[in-house]
Amino acid sequence: MKHNTLCLIFLFFLNQVQSQLLFDVESFNFSEDTIISMTVGDPDNNGKDDIFVTVSNKNLIYKLQNNGVQFSKTPYLSKEKPDIFSIISLNGEDDIVYTEKDKSTIHLMYGKDSYYNEKSYIAGIDLGTSAQIKSIGDVQPVENLYSNRFLYAIDQNNLFHILAIYTGSFNSVGSELKASIPVGIPVQQACGYYFQNRVSRLFFPDIENGKLKAMVKKWDNFQGPYIEPNFEVIDENLDRPVACLTHTSGQNGDVMFVIDKGSKSLVKYYLNENYRKEIYNIDIDNPTQIAVGLIDNNAEVDMIILDGKKLWLLTDLHKKGGSGAYLQSLIVEESQNIKNVRVSDFNGDGFSDIVYNLQGGNEIKVMTNEIKSAIHEVADNNTIKPNPSHGRILLDFIFEEVIIFNSTGGEVFRSGPATEINVEHLPKGSYLMKTKNNKNITSKLLIIN
């Protein structure tokens, strides 16, 4: 594990209240092995999402075990040639789906089954293809955890492999029929949704023809082939749609976000309002992946967009009727392309964290969101005062060490044990002060004016 400097991203919200995003960045190295796939989930059902990694030339799936404070790397599963590893709910909890390189079988496992047996193997389903699988996803009928679900895989030839998975008892999952459908168009990030009329739709971007299409599955009749080439055109007025993502929220309605690369726009569809849409103009050149979470200091959904070597943050996208109202900020720029972006609240503080790796690289980077301390500890005068300060700061007791970082993550001050520090030499602005005492490290937002 390598601990990097802390990066601070400044955001000015629509209500003119200044806030700050703070990410503490850690790197986890996998020696000389190139990372193939990375996913996030909680198969051990302990309430904390872990990170799972497959690497080249190894028969191991690694786990970055999350204890709420830090991660520890450990081997998780030993398989001959693990290739894609994903976390999908099969029994209402987080479970495991993986493929093996050069093989056409999707393997299903309970992370922890109803008898609390860990890593319980369920079934292998042969797709009958020699093409390599490049992504896996699913759609679940949410009102009935034990009903059929919609599992799909997309291979390198852009062939959709569709399976209905039936959870029939506490310890078994079976495949209810399957079909493979040639789509004939380049497909990147697909998404799915289950509608209350017992219809599932798998949405995918038709990049070449500028359309958003849906493959339809009706759950009422299981006689004969359950999937036909039954496509609906949801929107034919797009330019080059490249990625979609569905997000559920009771208050503001369930929505789907689609990135339209050609028109440099983000389109939001209200799924239960006949796909009513709102359009956001974005300044992003090469978007390929999207993920959502609660990143800033309000309850509106925020989005991370992968743009080659960059990660962009778009805030407050799910405010109903808020067409065009958002804030776009660059939060990461790497030296090479980024791959496998996931968003999760790793430390349980209510704010989403970000994890990703680099194309062809051997490191996982975890950006822990520390905005909670920036929001709630500004007015906390029990540790540092005055705050805001003119440069002379009193500490309520002697800390072993005090370190201050500027807005770019650079260290600008360090002190040993003291009850008072003088930072009058620092320019006006916002800083992050870290104090260490008895192996406990706390972070405070410090304002110098």
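Observations on the model:
- Index of the failed condition, residue 207 passing every other in (1) open to solvent by 20 Å² or more (accessible area, probe 1.4 Å); (2) β-branched (Val, Ile, Thr); (3) at pLDDT 80 or above: (1)
- The residue that is modelled with the highest pLDDT, among those in the range 332-348 that are among the aliphatic types (A, V, I, L, M) and more than 18 Å from residue 30 (Cβ to Cβ), is 343.
- Positions within the range 31-58 being open to solvent by 10 Å² or more (accessible area, probe 1.4 Å), over 16 Å from residue 101 (Cβ atoms) and either part of a loop (DSSP other than H, G, I, E, B) or in contact with a helix residue (DSSP H, G or I) (Cβ under 8 Å, 6 or more places away or on another chain) (or both), in sequence order: 31, 32, 42, 44, 45, 46, 47, 48, 49
- Only residues that are open to solvent by 40 Å² or more (accessible area, probe 1.4 Å) and either in contact with a strand residue (DSSP E or B) (Cβ under 9 Å, 6 or more places away or on another chain) or touching a residue at least 40 places away in the same chain (Cβ under 8 Å) (or both) were counted in the range 263-274, giving 3.
- Unmet criterion (only one of (1) free of Cβ contacts under 8 Å to residues at least 40 places away in the same chain; (2) of a type outside the set (Phe, Trp, Tyr); (3) at positive phi) for residue 78: (3)
- Qualifying residue in the range 214-230 (condition: modelled with pLDDT of 75 or more, open to solvent by 40 Å² or more (accessible area, probe 1.4 Å) and among the charged types (D, E, K, R)): no
- Residues that are under 20 Å from residue 55 (Cβ atoms) and open to solvent by 30 Å² or more (accessible area, probe 1.4 Å), drawn from the range 335-348: 336, 337, 339, 342
- Test: residue 313 is touching a strand residue (DSSP E or B) at 6+ places or on another chain (Cβ under 8 Å), in a loop (DSSP other than H, G, I, E, B), crowded, with 19+ Cβ neighbours inside 10 Å and at pLDDT 90 or above: no
- From the list 6, 64, 22, 11, the one residue that fits, being in a strand (DSSP E or B) and either modelled with pLDDT of 90 or more or among the acidic types (Asp, Glu) (or both), is 64.
- Some residue of the range 349-371 being open to solvent by 50 Å² or more (accessible area, probe 1.4 Å), at pLDDT below 85 and among the β-branched types (Val, Ile, Thr): no
- Selection from the range 101-121 of residues that are open to solvent by less than 30 Å² (accessible area, probe 1.4 Å) and among the β-branched types (Val, Ile, Thr): 106
- Screening the range 275-310 for residues that are touching a His at 6+ places or on another chain (Cβ under 8 Å) and assigned to a loop (DSSP other than H, G, I, E, B) and picking the one that is most open to solvent (accessible area, probe 1.4 Å) gives 300.
The values are calculated or read from the model by the stated rules, or taken from the named source; none is laboratory data. In this text the structure is predicted, and so the values were computed from the model without any measurement. Here the Cβ is made from the backbone with ideal geometry for all residues, glycine too, and neighbour counts use every protein chain on show. All accessible areas refer to the heavy atoms of the entire protein, side chains included, with ligands and DNA or RNA removed. Shrake-Rupley method; radii C 1.70, N 1.55, O 1.52, S 1.80 Å.
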